[in-house]
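Contents: one structure, followed by commentary.
The values are calculated or read from the model by the stated rules, or taken from the named source; none is laboratory data. Not measured: the values here are computed from a predicted model. Methodologically, a virtual Cβ is constructed for each residue, glycine included, from the backbone with ideal geometry; neighbour enumeration extends over all protein chains shown.
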Amino acid sequence: MPRTQNRSVMRWLFLFAGLVAFLVVFGGFTRLTRSGLSIVEWNPVHGAFPPIGEEAWLREFELYKQTPEYQLVNKGMTLEAYKEIFYIEWFHRQIARFAGLFYAIPVFYFLFKGIIPRREFGIYFLMGMLFIGQAFMGWFMVASGLVDRPAVSHIRLTMHLFLALALFGMSLWVGLGHRFGFPAEGVQAKWSPLSKLAAGSMAVLLIQIAYGGFTAGLKAGHVSSTWPLMFGKLIPPGLFDSALHWIESPATVAFIHRWFAFAVLAAVLWLYFVARKAGYGQDILKGLLALIGLVVLQITLGVLVVLFYVPISLALAHQAAALALFGLSVYFIHRLRAMDYARAHRT
């Protein structure tokens with residue numbers, strides 16, 4: 001972990017985290033508009049430019065016509081309609097390229113200038129590897145939808161999402177270190193009960209986000225447009241007949257994602273009441289109340305997504321709220337661990 005604070009590095013990391021968050025949400029828009037499989041080749045350099053001229057567009061369209069999505073979903077699509085979904089996916093990849101440059105150029109500048117000491121470069125190198133990893137996983141995900149079915153693997157989609165979350169969270173964590181300070185070298189701090197509980201709440205949230213990824217990949221949000229009942233029942237029969245249903249059945253995945261949200265709410269409520277009982281300051285308590293409010297908003301958005309049969313605007317708001325929840329959780333764990341280190345330093 002770095003030890004050297006710098007305001008410029010802090011601002012860069014926070015902006016980069018915001019760019020990663022925007023990339024995730026735009027990725028959701030790409031998926032919801034069925035645009036993600038429109039570009040069937042991964043050309044990191046040549047692909048930076050769209051087709052130029054009628055011949056180039058016809059070649060790209062012919063490649064798309066060979067995919068399961070065209071043959072099973074978009075049969076008879078016109079070239080003009082294809083261009084619309086092509087440009088959405090192309091813009092998604094352009095944002096990713098820009099994010100890569102927005103990471104690489106400043107980090108090497110800071111390293112060259114000594115603003116980031118070489119001995120502290122490890123965490124920034126790891127962030128770079130995470131970015132490359134999630135980019136590769138993005139193509140690995142797309143490739144799964146070009147073979148025999150017009151949809152990407154929901155497992156690969158969720159892995160792609162979690163690599164982006166790791167990059168987003170790490171950028172926030174290190175940026176917060178530049179903002180508030182890093183632990184003194186050599187100081188070890190035990191996890192306080194509240195810090196452990198905050199980490200546990202984060203784990204519960206990540207499980208819910210994983211099921212959100214499964215739901216998106218399996219298009220499980222479309223299996224039922226009623227709430228709280230599904231198929232006319234509170235607990236439809238057959239949901240858990242097989243262990244594979246937990247990760248493969250759209251109905252089971254949707255059911256778990258619906259109701260596990262309340263486990264997230266219970267976790268943050270518990271976190272708040274433990275913090276209040278332990279006598280934590282008003283800044284922590286007010287922040288935790290904001291976290292509870294955000295969870296309630298997220299649940300409300302999820303219910304509305306179901307009732308209105310997955311409209312794009314509500315689905316994107318739901319996804320953005322999940323990112324905000326994750327980011328706020330990172331913030332709280334960082335601040336609680338800072339208190340742990342402060343107590344350890346005093347003793």
Check: touching a Ser or Thr at 6+ places or on another chain (Cβ under 9 Å), of a type in the set (A, V, I, L, M) and modelled with pLDDT under 95: does that describe ALA135?
Finding: no
Restricted to the stretch 68-121 and to residues being closer than 29 Å to VAL20 by Cα and not in a helix (DSSP H, G or I), the residue farthest from the chain's Cα centre (by Cα) is GLY114
Of the listed residues (ILE39, ILE52), the one being surrounded by 18 or more Cβ atoms within 10 Å (Cβ to Cβ), assigned to a loop (DSSP other than H, G, I, E, B) and not acidic (Asp, Glu) is ILE39
Answer yes or no: is there a residue in the stretch 283-291 that is surrounded by 14 or more Cβ atoms within 10 Å (Cβ to Cβ), under 21 Å from the mean Cα position of the chain (by Cα) and outside the structural domain of ALA17 (by TED's automatic domain parsing). yes
Note on the stretch 56-81: residues in contact with a Pro (Cβ under 6 Å, 6 or more places away or on another chain), more than 16 Å from ARG149 (Cα to Cα) and not aromatic (Phe, Trp, Tyr) are GLU60
Can you find a residue that is part of a helix (DSSP H, G or I), of a type outside the set (A, V, I, L, M), assigned by TED's automatic domain parsing to the domain that holds PHE260 and over 27 Å from PHE231 (Cβ atoms) anywhere in the stretch 304-327?
yes
How many residues of the stretch 228-259 are out of contact with any Ser or Thr (no Cβ under 7 Å at 6 or more places or on another chain), outside any loop (DSSP other than H, G, I, E, B) and either more than 24 Å from GLN298 (Cβ to Cβ) or among the polar types (S, T, N, Q) (or both)? The answer is 3
Among PHE110, PHE61, PHE121, the single one that is on the phi < 0 side of the Ramachandran plot and either loosely packed, with under 12 Cβ neighbours inside 10 Å or in contact (Cβ under 8 Å) with a residue 40 or more places away in the chain (or both) is PHE110
Condition (residue is surrounded by 19 or more Cβ atoms within 10 Å (Cβ to Cβ), under 25 Å from the mean Cα position of the chain (by Cα), part of a helix (DSSP H, G or I) and not β-branched (Val, Ile, Thr)) applied to the stretch 142-152: is it met by at least one residue? no
Apart from one, (1) at pLDDT 95 or above; (2) of a type outside the set (A, V, I, L, M); (3) touching a His at 6+ places or on another chain (Cβ under 7 Å); (4) loosely packed, with under 14 Cβ neighbours inside 10 Å all hold for SER8; the odd one out is (3)
Reported set for the stretch 167-205 where residues are within 14 Å of GLY327 (Cα to Cα), among the small types (Gly, Ala, Ser) and in the same structural domain as PHE262 (by TED's automatic domain parsing) is ALA198, ALA199, SER201, ALA203
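Residues checked against (1) more than 30 Å from ARG149 (Cβ to Cβ); (2) out of contact with any Lys or Arg (no Cβ under 6 Å at 6 or more places or on another chain); (3) surrounded by 13 or more Cβ atoms within 10 Å (Cβ to Cβ):
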site	(1), (2), (3)
GLY200	yes, yes, yes
LEU206	no, yes, yes
VAL223	no, yes, yes
TRP227	no, yes, yes
ALA243	no, yes, no
PHE260	no, yes, yes
ALA263	yes, yes, yes
VAL268	yes, yes, yes
Given (1) in contact with a Phe, Trp or Tyr (Cβ under 8 Å, 6 or more places away or on another chain); (2) touching a residue at least 24 places away in the same chain (Cβ under 8 Å); (3) among the hydrophobic types (A, V, I, L, M, F, W, C), VAL73 misses just (1)
